[in-house]
C-alpha cells in the first residue's frame, strides 16, 4: 500500500503534540504497527493505517518515521530483540549448560516464530534486506546468530581465535537448521499435535545437537 507523501512541514494536533513532547508518540505508533502486522499482515501496514490505529493525525507518524520502511525496520528491531530474549529464557531453563541449552534455545526460536508469524516473516523477509538507514535495526539482526555462536563456542570448547572458522560455520549451520524448521512450522508445512509437539521438537533438536558432539566439536 503506497502512502501519500506529506509536506515536511507537518502539523500536529494538540493531542499529537502532547504525546510527542512526552516521548510517547513513537512507542504508541510502533505498538499500533505491530498490532496491524499481526492482525492484518504487512500489506495492511501503512503510516496512515498506523496513525488511525494509534488515534493520532495522519501527519503524526512523520515525526518519527519518514516512510513505511522506517517503521517496518523499527518493528523488526523489536522482533529481533524479543526473539533473542525468548531464546535466552528457554536456554536458561536448562541451567545454561551443555547441549540441553542448545536444544532449549532452538525451542525458544520456534516458539517465538509460532507466536509472532507475521513479525517473524518481516524480520527475515526481503522487505528490509538492503535497509541500512537504521543502525539499531542493523545491530538487532545480529543478536540471534551471535547468541548461537557464543553458545557453540562454549560447547565446542575451542579457542575463540584458533577455532573461529569452525565456530562461525557451526553457528551458521545451526541457525539455518532452526530457522528452516521454524519457517516450516509457521507455514504449516510441518503439522504436529500440540500434545506431542514439545517431544517432537526436543527429538529433532537433540538429533541435531548430537551431530555436533562427534562432528565439529571433534574437528
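Just so it is clear, none of the values below were taken in a lab; they were calculated from the coordinates. Since this is a predicted model, take the numbers as computed values, not measurements. Heads up, the Cβs are rebuilt from the backbone with ideal geometry, glycines too, and the neighbour counts pull from every protein chain shown.
Placing R0 at 22 angstrom, the Cβ-Cβ distance between residue 136 and residue 168 gives a FRET efficiency of 0.40 after rounding to 0.05. Neighbour counts of C-beta atoms inside 10 Å place 124, 203 in the sequence 203, 124, starting with the fewest.
Take the Cα of residue 39, step 7 Å toward its Cβ, do the same at residue 24, and the gap between the two points is 1.9 nm.
Residues 174, 140, 169, arranged from fewest to most other Cβ atoms within 10 angstrom of their Cβ, appear as 169, 140, 174. The distance separating the Cα centre of region 96-165 from that of region 30-70 comes to 27 Å.
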